[in-house]
Amino acid sequence: MQTQSIPDLSPTHLSQLQESIQNTFGIINTQELNHIIELFKWKPIKKGEIILRTNQNCQAMYFILSGYIRVFVETADKEVTQWIAYQNYFLTDLASFMFDKPARWTFQALTDAEVYMINKDEYNRIKDFVPTWPEIERLFICHCFTTLEDRVFSHLSMTAEERYHYFFQNNKELFNQVPLQYIASMLGMTAETFSRIRRKYPF
């Protein structure tokens, strides 16, 4: 799949990436930020395309400009959707990318999509020109695990209806953009339970 360099993209796209790097990784000065951005490449992804498969070694981190990418795993009897990533999300299989483990997840585009991607070798260069990167990276990994803990807590402490309401309020656009069975799977529900709740609260 063709990749293109950052300068070929619009100022709006660049602004998306710059803002999200700052929001995700914390305060980085302008010179360091420009160096980081130069390491990213643009990549178009076709609907249905798989960019990572379970048990592969994840060699890239993606920043989503547009489109929807499903994160899922196939078990013996079903597929389990872990997340659906969309605009302004960073996406990677963190354990595989950071620690060279086989990927747990498969990434597949639900629509045509555009991403910026940075491969692992380029990512590892960041520490050469950002002296504070080890601390920034540590905080990033802590943020990822905190987000995961929040999701686990919601599954353990909320009813199915509460999970539905909470997710809907924070991710309304997904309900009109992706197959609803994937959202049901993300919320730990059967399709039947999800449909029953949706009929009760059609919004």
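The values are calculated or read from the model by the stated rules, or taken from the named source; none is laboratory data. Computed from a prediction, not measured in an experiment: that's the story for all the values here. Ideal geometry is used to build each Cβ from the backbone, glycine not excepted, and the neighbour counts take in all protein chains shown.
When region 22-80 is limited to residues that are more than 17 Å from Met117 (Cβ to Cβ) and of a type in the set (Asp, Glu), the one that is surrounded by the fewest Cβ atoms within 10 Å (Cβ to Cβ) turns out to be Asp77.
Checking the structure you have, find out if any residue of region 164-174 is over 17 Å from Tyr86 (Cβ atoms) and crowded, with 17+ Cβ neighbours inside 10 Å. Don't jump to the end; show me each part of the working.
Step one: list which residues in region 164-174 are over 17 Å from Tyr86 (Cβ atoms), which gives 164-166.
Now restrict to residues that are crowded, with 17+ Cβ neighbours inside 10 Å: 164.
Yes, that holds for at least one residue.
Only residues that are part of a strand (DSSP E or B) and either of a type in the set (Gly, Ala, Ser) or at positive phi (or both) were counted across region 45-96, and they come to 3.
Do we find that Arg198 is in contact with a His (Cβ under 8 Å, 6 or more places away or on another chain), surrounded by 15 or more Cβ atoms within 10 Å (Cβ to Cβ) and within 24 Å of Glu79 (Cα to Cα) in this structure?
On the way: in contact with a His (Cβ under 8 Å, 6 or more places away or on another chain): no; surrounded by 15 or more Cβ atoms within 10 Å (Cβ to Cβ): yes; within 24 Å of Glu79 (Cα to Cα): yes.
Spelling it out, it is not the case that Arg198 is in contact with a His (Cβ under 8 Å, 6 or more places away or on another chain), surrounded by 15 or more Cβ atoms within 10 Å (Cβ to Cβ) and within 24 Å of Glu79 (Cα to Cα).
Within region 119-131, the only residue that satisfies the criterion of being assigned to a loop (DSSP other than H, G, I, E, B) and in contact (Cβ under 8 Å) with a residue 24 or more places away in the chain is Val130.
Just one of the listed residues (Phe107, Phe97) is surrounded by 15 or more Cβ atoms within 10 Å (Cβ to Cβ) and touching a helix residue (DSSP H, G or I) at 6+ places or on another chain (Cβ under 7 Å), namely Phe97. On inspection, Arg163 qualifies as in a helix (DSSP H, G or I) and at pLDDT 90 or above.
Residues checked against (1) β-branched (Val, Ile, Thr); (2) at pLDDT below 95; (3) over 10 Å from Gln59 (Cα atoms):
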{"position": "Glu79", "(1), (2), (3)": "no, yes, yes"}
{"position": "Trp83", "(1), (2), (3)": "no, yes, yes"}
{"position": "Trp105", "(1), (2), (3)": "no, no, yes"}
{"position": "Thr111", "(1), (2), (3)": "yes, no, yes"}
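Taking each residue of region 151-164 that is acidic (Asp, Glu) and looking for partners that are modelled with pLDDT of 90 or more and part of a helix (DSSP H, G or I) with beta-carbon atoms closer than 8 Å, six or more apart or interchain, yields Glu161/Ile197. For the residues Asn23, Asn34, the requirement of being more than 17 Å from the chain's Cα centre (by Cα), outside any loop (DSSP other than H, G, I, E, B) and of a type in the set (S, T, N, Q) singles out Asn34.
Only one of the numbered conditions (1) farther than 23 Å from Ser15 by Cβ; (2) within 20 Å of the chain's Cα centre (by Cα); (3) not aliphatic (A, V, I, L, M) is violated by Pro131, and that is (2). Return yes or no: is Asn119 within 20 Å of Gln22 (Cα to Cα) and out of contact with any His (no Cβ under 6 Å at 6 or more places or on another chain)? Here the answer is yes, as Asn119 does meet what is asked.
Look at region 165-182: where a residue is free of Cβ contacts under 8 Å to residues at least 24 places away in the same chain and a partner is surrounded by fewer than 17 Cβ atoms within 10 Å (Cβ to Cβ) and not in a helix (DSSP H, G or I), sitting 6+ places away or on another chain with Cβ atoms under 7 Å, you get Tyr166/Met158.
Filter region 185-203 for residues that are within 18 Å of the chain's Cα centre (by Cα) and in a helix (DSSP H, G or I); which is nearest to Leu91 (Cα to Cα)? Step through it out loud before you land on a result.
Narrowing region 185-203 to residues within 18 Å of the chain's Cα centre (by Cα): 185-187.
Among the residues that remain, those that are also in a helix (DSSP H, G or I) are: 185-186.
Details: Ser185: 19, Met186: 16 Å.
Among them, the one singled out is Met186.
Each residue in region 169-180 was checked for being within 18 Å of the chain's Cα centre (by Cα), among the hydrophobic types (A, V, I, L, M, F, W, C) and in a helix (DSSP H, G or I), and 2 pass. Any chance region 149-162 includes a residue that's among the small types (Gly, Ala, Ser) and in contact with a His (Cβ under 9 Å, 6 or more places away or on another chain)? For region 149-162, residues among the small types (Gly, Ala, Ser) and in contact with a His (Cβ under 9 Å, 6 or more places away or on another chain): absent.
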